[in-house]
């Protein structure tokens, strides 16, 4: 029997979107997550602060509608990924789920496919990374959705704090793109988005994809990187890409078949974690400094209202298209080709 | 000089906060939670142990197992748990799910082998073997099986224990937990508690 102060650590792990479990198998362990109710409660804990941050944002800018719009985008994107993951796990595509009759490999009976899919969507939509099922054994489209959640930059709803600033950066991209269409200097909440501002936003948006794709390229061309893979073919690629995506976005969940306890993988993932956490923060703080120096402009006739359903739809679209397109080639070679085979 | 002084003062304040918070959330908080758990829920805090009579106990020496942790048994007269990838099976010191991918040929082969084995052991067609009987759980410690897997084991267990199938079926129903609030999770049967009930009924 192994035991210890599990309960107190569990609360920290989930509410802090940290995700490091007391036991190796994390929230799949019956001592960490004994019942379907504790499963739902853990999901609530890991979502509560990121979603609350959007509401807090509305209060800080003294316009609750701005916060509600951000919250709506987070809820929409999370809802889509929960739906896709659940449908995928319940349908159980793939040869192994077909042989067994359902995708129960790497899942606990008490949670079932739906309870595991909900947890997987929530943990990758935030920067938690706790797991109650083995993600490596998720169905091909299910594992792909989990990966895509992290690639979005963990903005739906994201980590405690980091989710909000990630979403706000994309909100600025959205305002900027709309400004280009009508040929006006774009502004967000009365702050002008000029050249220096948009350069910082661009650096922010580019940092994580460069780390993820660069990291994947290094891992897949080095023999030490390939040595860690458990699977061959598209799922092997998915293992490597999932690892670098999880590290660069500070998620922490894994396709656990990958042997990452080697000097090569430890070094690569460690560097990605450091750079993936601190570089984006640097750009966000620099941008905040530039905005703080500006005076707030009153909204004019040409200002794009950022609290209407139109903006919610635009921002969701920008998140999916701008971020998604970056990763389409690598997703096509991994989870997508695996889903089709 | 003034800047240096304020840097020193701010750093000192930060250091004091670090020490304070380390003591508070690093030591006092886990101790408090552990203390409250030991008083408010002593059975759960000690690992949900049960003895041979099915009673909740807190002393490890009295227990035959934990209601939350599955265990291997080679007794063919009892309900058997799911396959496990934790060490040699249900090893608490090496909890693990197989992590094999959904298209992995080795996994498909092991599922098919397990299916044939379960079907032969229980004397049922392979199409009656439920998914949880042939797949390894996430933790490797899954204490539960599906009602469907329990159902196909009833005949074998009843014959081995000299009980009627109806008696054993009633015991399975008694130890089946439904979905929490009607929606959360899946119906599941706790193997250890069921086996204890079966052995007591056979006595």
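Just to be sure before I move on: is residue B:186 within 13 Å of chain A (Cβ to nearest Cβ), part of a loop (DSSP other than H, G, I, E, B) and either over 21 Å from the mean Cα position of the chain (by Cα) or at pLDDT below 95 (or both) in the structure I sent? Judged against the criteria, residue B:186 is a match.
Could you list, in sequence order, the residues of the range A:1-21 that are more than 7 Å from chain B (Cβ to nearest Cβ), farther than 16 Å from residue A:119 by Cβ and buried (at least 17 other Cβ atoms within 10 Å of the Cβ)? Selection gives A:6, A:9. Of the helices (runs of 4 or more DSSP H) lying entirely inside the range A:97-213, those carrying at least 2 residues that are farther than 23 Å from residue A:331 by Cβ and in contact with a helix residue (DSSP H, G or I) (Cβ under 6 Å, 6 or more places away or on another chain) are A:112-125, A:162-182. For the range A:108-137, filtered to residues that are at the interface with chain B (Cβ under 7 Å from one of its Cβ atoms) and without any contact (Cβ under 8 Å) to a residue 60 or more places away in the chain, the residue that is nearest to the chain's Cα centre (by Cα) is A:137. Candidates in the range B:90-108 are the residues that are more than 9 Å from chain A (Cβ to nearest Cβ) and either buried (at least 21 other Cβ atoms within 10 Å of the Cβ) or closer than 21 Å to residue A:138 by Cα (or both); of these, the one that is nearest to the chain's Cα centre (by Cα) is B:90. A residue that is in a helix (DSSP H, G or I), more than 26 Å from residue A:33 (Cα to Cα) and more than 9 Å from chain A (Cβ to nearest Cβ) can be found somewhere in the range B:126-134.
Which residue, of B:143, B:147, B:125, is within 16 Å of the chain's Cα centre (by Cα) and over 23 Å from residue B:86 (Cβ atoms)?
The unique qualifying residue is B:147.
Answer yes or no: is there a residue in the range B:144-165 that is surrounded by 22 or more Cβ atoms within 10 Å (Cβ to Cβ), touching a helix residue (DSSP H, G or I) at 6+ places or on another chain (Cβ under 7 Å), in a helix (DSSP H, G or I) and at the interface with chain A (Cβ under 9 Å from one of its Cβ atoms). Checked the range B:144-165: at least one residue is surrounded by 22 or more Cβ atoms within 10 Å (Cβ to Cβ), touching a helix residue (DSSP H, G or I) at 6+ places or on another chain (Cβ under 7 Å), in a helix (DSSP H, G or I) and at the interface with chain A (Cβ under 9 Å from one of its Cβ atoms).
Candidates in the range B:189-203 are the residues that are away from chain A (no Cβ under 14 Å) and out of contact with any strand residue (DSSP E or B) (no Cβ under 8 Å at 6 or more places or on another chain); of these, the one that is surrounded by the fewest Cβ atoms within 10 Å (Cβ to Cβ) is B:203. Among the residues of the range A:41-66 satisfying the criterion of being in contact (Cβ under 8 Å) with a residue 40 or more places away in the chain and within 14 Å of chain B (Cβ to nearest Cβ), which is surrounded by the fewest Cβ atoms within 10 Å (Cβ to Cβ)? Only one residue tops the list, namely A:43. Taken over the range A:27-38, the criterion of being facing chain B (nearest Cβ under 7 Å) and either in a helix (DSSP H, G or I) or surrounded by 24 or more Cβ atoms within 10 Å (Cβ to Cβ) (or both) is satisfied by A:28, A:29, A:30, A:31, A:36, A:37. With respect to the conditions (1) surrounded by fewer than 22 Cβ atoms within 10 Å (Cβ to Cβ); (2) over 18 Å from residue B:86 (Cβ atoms); (3) within 9 Å of another protein chain (Cβ to nearest Cβ), residue A:24 falls short on a single one, namely (2).
Every listed requirement among (1) within 23 Å of residue A:100 (Cβ to Cβ); (2) more than 8 Å from chain A (Cβ to nearest Cβ); (3) modelled with pLDDT of 90 or more is met by residue B:87 save one, (3). Looking across the range B:57-70, the residues that are more than 11 Å from chain A (Cβ to nearest Cβ) and either within 30 Å of residue A:91 (Cβ to Cβ) or in a loop (DSSP other than H, G, I, E, B) (or both) come down to B:58, B:59, B:64.
The values are calculated or read from the model by the stated rules, or taken from the named source; none is laboratory data. Just so you know, these numbers come straight off a predicted model, no measurement behind them. Note: ideal-geometry Cβ built from the backbone for every residue, glycine included; neighbour counts use all protein chains shown.
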